[in-house]
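The values are calculated or read from the model by the stated rules, or taken from the named source; none is laboratory data. This structure is a prediction, so every number in the text was calculated from the model and none was measured. Quick reminder, even Gly has a Cβ in these numbers, built from the backbone with ideal geometry, and neighbours come from all protein chains shown.
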Amino acid sequence: MNAKYLGPGTVLLLLLVTVAPPAQGAAPPGKWFLCRHHIPSPRIETDPQGRIVFQADRGTGERRRLYRLYGDVAVTGDGQRLRADTVVYDSTTQTAEAEGPLRYEKSDLILHGARGRLRLDTEEGTVEAGRFELPEEHGRGEARRIELAGKRRTILLDTRYTTCDPGSEDWLLRARRVVLDHERNVGSAWHAWLRFMKVPVFYFPYVNFPLGDQRKSGFLAPVLGSSNRSGYEWALPYYFNLAPNYDATFTPQYYSKRGLLLGGEFRYLSRWDSGELNLEYIDADREYEDRARGALRFRQRGTPWPKVRSEIQYDYVSDVDYLSDYGRSLGTTTVTHLPQKGSLRYQGETVNAMLLFQSFQTVDPDIPDRSRPYQRLPQFALSYTPAARPNRLRFGFDGELVNFQRQERVSGQRLDLQPSLSLPLANEGAFLTTTLKLDHTAYDLDELAGAQRQPQRTVPLFSLDAGLFLERWYGRLLHTVEPRLFYLYVPRRDQDDIPRFDTGQPEFNFNQLFRGNRFTGRDRVGDANQLSTALTTRLLEENGRERLQFKVGQIFYFEDRRVTLTGTPLTERRSDIVAETQMQVTPALQLLGDLRWDRENETIDKGNVSLRFRPGYRRILNLSYRYRNEILEQSDFSLLWPLHPRWHVLGRWNRDLLNERDLETLAGFEYQNCCWKFNFLARRYLKANTPEEEYSITYYLQIEFKGLASLGKDMDAILERGILGYQK
């Protein structure tokens, strides 16, 4: 193979496969997988009757109260174990005085020291010149004095703490006093210095840190960032662990060019619902004429009754530019409408119902008023779908009542009823379904509609859907051929006097071959006398895993289509040819594509192709190309790839080839070792809703001291959106 015929994407793919180490499997490793030394959790076998058990080379006793034990002494009881060279044990107080190198163990703590005094029944005592280990958090340290204050707390004086391997102290926390709360799995430190690479970087009069995964109140790691539109960014979140089922976070954010933005988040969880409220407010934005600006976001999901689900989604911004300036917190900057809706849905075995209230805030000022969506105040929908029973007659029903409202446009109510009757016939190799449906729609409009304030429309629909399933084994692969015919007849009805509340025409693709209406919404029912032909073929493994799928189809029209959105009849006798494919080339390599062939001009009208390479954990490579004839042509490349177990590179390049401009570029890297991780990301993207081409450039830095805290901006939301398959 001559390298000059290889595209840059192919060369890069081959280079990555060659340079990268072999995959370690799909299962993610633990947080401490790069550590050489692992601290095993102690396994202490206690006496079934709760007695304290002694082991020693030799020992003496005095009046059955005072026992002196010598040589490899072990005292075990109540989930604890003490080892030392010499132990003097007083049975009346259950106190052990240990000399020589001692080791004290319980499930979440290991202590080493020169000497110590311990009371085993209450787990109280002291260890002098001690070392400690926290197995769950790979933590270790030293202290001048260690005090055990019962089962709940351990107090460390003049302490050094790190989660790095022995012999390494890349980061080190030195504190005058540290309290480990084992009940809440929280550590607290007073007068603490954080050193990184032997350089002091932070002083904390007080700081707390996790000993496990439990939540706790306190300051979170500060956030640092920079962008060309807002300047330097600094934030210090404070987390309120209010109760096991609700919490809150308050986040003041300072932008050097804009001012102080106050943000808050409240989350709750109950037996029947959960919700999240986000608020942001800046009193005077210096880059926006010193105007007050803000945003609100609320989400609720619940199950108030069996089979009933509730949902509320409410988004609001103070001005049309808010998402462009602060869009990271509410969504992407390309949003044109913010939803504001609430719904109740009932989902039974055969009956479904919905009650919906819906409105929108239009963010893009360039959208004309006639193109802005209607409010639904409210919408009620009801459907009846009987259980599938082949070879038996089935009755179905679908209906809705909607009140559409919009200022300075025709508004009113729409009632739509769709009863249907079908007969599905099927066996292992074929199926034939005959369907007859009646679509009745009635309107009650306001004065703006003129004379036609109560138009009606009744249209019958007839369809015949037939297909075959042909299969043959080739070794361990099953090859199927599935031809399908779909005939649809809908007589024409004059609908020019009917308003268009929610009707549009979706892009023609393979799924459109089998729809009973070529329009979305219910204001238009397309006339049809047509036959859809399609062919699907698959390659399946013995376990049912699909290796290859290819679908192709076309519609043949027997009459002109006179119901259109433009008023111009459609006279073509054949549709474009549509095709889709999905190929699992290897377990790690997947190829997907779809195509629409313009039969009249003999050219590709629309096409997408993407390559997804996932050979192992945190090994992602995506290549895609999107094309719309004379409308759109884009390439998209993204990756997350290890150059070494400690080094990852990541990036995305999304380019508009038609206009020769970049849409979004991400570039960054990640380095981590046993006890800390560093991330850097640069992002450059085209701002939406701006009169001229304007790019925003943002830099993100994040360093995580494992088992302690992280500093910098969280990048996961950006990477999850920009790199397909990325997970935190």
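The figures follow:
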| quantity | calculated |
| --- | --- |
| Residues satisfying the stated conditions in the stretch 31-52, i.e. under 16 Å from Leu134 (Cα atoms) and of a type in the set (Gly, Ala, Ser) | Ser41 |
| Unique match (being surrounded by fewer than 18 Cβ atoms within 10 Å (Cβ to Cβ) and in contact with an Asp or Glu (Cβ under 7 Å, 6 or more places away or on another chain)) among Leu531, Leu477 | Leu477 |
| Candidates Tyr699, Tyr685, filtered to the one that is crowded, with 21+ Cβ neighbours inside 10 Å and either without any contact (Cβ under 8 Å) to a residue 24 or more places away in the chain or among the hydroxyl-bearing types (Ser, Thr, Tyr) (or both) | Tyr685 |
| Search result, residues across the stretch 362-404 that are within 25 Å of Gln456 (Cα to Cα) and part of a helix (DSSP H, G or I) | Arg370, Ser371 |
| Residues satisfying the stated conditions in the stretch 255-283, i.e. at pLDDT below 95 and aromatic (Phe, Trp, Tyr) | Tyr255, Trp272 |
| Boolean, Leu591 is under 29 Å from the mean Cα position of the chain (by Cα), under 30 Å from Phe613 (Cβ atoms), part of a strand (DSSP E or B) and among the aliphatic types (A, V, I, L, M) | yes |
| Flag for Leu34 being at pLDDT 85 or above, surrounded by 12 or more Cβ atoms within 10 Å (Cβ to Cβ), among the aliphatic types (A, V, I, L, M) and not assigned by TED's automatic domain parsing to the domain that holds Ile110 | yes |
| Matching strands (runs of 3 or more DSSP E) fully within the stretch 239-335 where at least 1 residues are under 30 Å from Ala353 (Cα atoms) and charged (D, E, K, R) | 259-269, 273-285, 291-305, 308-317 |
| Test result for Leu118, closer than 22 Å to Leu220 by Cβ and either touching a residue at least 24 places away in the same chain (Cβ under 8 Å) or not polar (S, T, N, Q) (or both) | no |
| The stretch 156-176, residues that are without any contact (Cβ under 8 Å) to a residue 60 or more places away in the chain and among the acidic types (Asp, Glu) | Asp158, Glu169 |
| Every pair of residues 6+ apart whose Cβ atoms lie under 7 Å, when the first sits in the stretch 248-270 and is outside the structural domain of Gly712 (by TED's automatic domain parsing) and within 28 Å of Asn228 (Cβ to Cβ) while the second is small (Gly, Ala, Ser) and exposed (fewer than 14 other Cβ atoms within 10 Å of the Cβ) | Gly259/Ala284 |
| Residue list for the stretch 180-202, filter: modelled with pLDDT of 85 or more and of a type in the set (Lys, Arg) | Arg195, Lys198 |
| Tally, over the stretch 387-428, of residues that are over 29 Å from Thr503 (Cβ atoms) and of a type in the set (A, V, I, L, M, F, W, C) | 6 |
| Among the candidates Gly79, Gly116, Gly71, residue that is within 24 Å of Gly187 (Cα to Cα) and out of contact with any Leu (no Cβ under 8 Å at 6 or more places or on another chain) | Gly79 |
| Among (1) surrounded by 15 or more Cβ atoms within 10 Å (Cβ to Cβ); (2) not in a loop (DSSP other than H, G, I, E, B), the one test that Arg522 misses | (2) |
| The stretch 154-183: number of residues that are crowded, with 16+ Cβ neighbours inside 10 Å and under 26 Å from Glu99 (Cβ atoms) | 7 |
| Filter pass, Gln727 being touching a Leu at 6+ places or on another chain (Cβ under 8 Å) and more than 26 Å from Gly231 (Cα to Cα) | no |
| Residue that is farthest from the chain's Cα centre (by Cα), among those in the stretch 350-371 that are free of Cβ contacts under 8 Å to residues at least 40 places away in the same chain and closer than 19 Å to Ser324 by Cβ | Ile367 |
| Selected residue (only one of Glu507, Glu408 is surrounded by fewer than 16 Cβ atoms within 10 Å (Cβ to Cβ), acidic (Asp, Glu) and closer than 23 Å to Ser532 by Cβ) | Glu507 |
| Any hit, the stretch 573-583, residues being among the small types (Gly, Ala, Ser) and surrounded by 15 or more Cβ atoms within 10 Å (Cβ to Cβ) | yes |
| Odd one out for Arg145 among (1) surrounded by fewer than 17 Cβ atoms within 10 Å (Cβ to Cβ); (2) touching an Asp or Glu at 6+ places or on another chain (Cβ under 7 Å); (3) modelled with pLDDT under 90; (4) within 21 Å of Val87 (Cβ to Cβ) | (3) |
| Enumeration of residues in the stretch 203-238 that are modelled with pLDDT of 85 or more, in a strand (DSSP E or B) and surrounded by fewer than 18 Cβ atoms within 10 Å (Cβ to Cβ) | Tyr203, Pro205, Gly231, Tyr232, Trp234, Tyr238 |
| Candidates Pro390, Pro378, filtered to the one that is farther than 30 Å from Leu432 by Cα and not polar (S, T, N, Q) | Pro378 |
| Verdict on Gln452 being exposed (fewer than 15 other Cβ atoms within 10 Å of the Cβ) and within 26 Å of Asn517 (Cβ to Cβ) | yes |
| Within the stretch 494-519, tally of residues that are charged (D, E, K, R) and more than 34 Å from the chain's Cα centre (by Cα) | 4 |
| Subset of the stretch 706-719 [outside any loop (DSSP other than H, G, I, E, B) and free of Cβ contacts under 8 Å to residues at least 60 places away in the same chain] | Asp716 |
| Filtered residue count, the stretch 264-286, keeping only those that are within 17 Å of Tyr322 (Cα to Cα), among the charged types (D, E, K, R) and surrounded by fewer than 16 Cβ atoms within 10 Å (Cβ to Cβ) | 2 |
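Let's see how each residue does on (1) assigned to a strand (DSSP E or B); (2) outside the structural domain of Arg618 (by TED's automatic domain parsing); (3) at pLDDT 85 or above:
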| residue | (1), (2), (3) |
| --- | --- |
| Leu640 | yes, no, yes |
| Ala667 | yes, no, yes |
| Glu670 | yes, no, yes |
| Leu681 | yes, no, yes |
| Glu693 | no, no, no |
| Glu704 | yes, no, yes |
| Leu724 | no, no, yes |
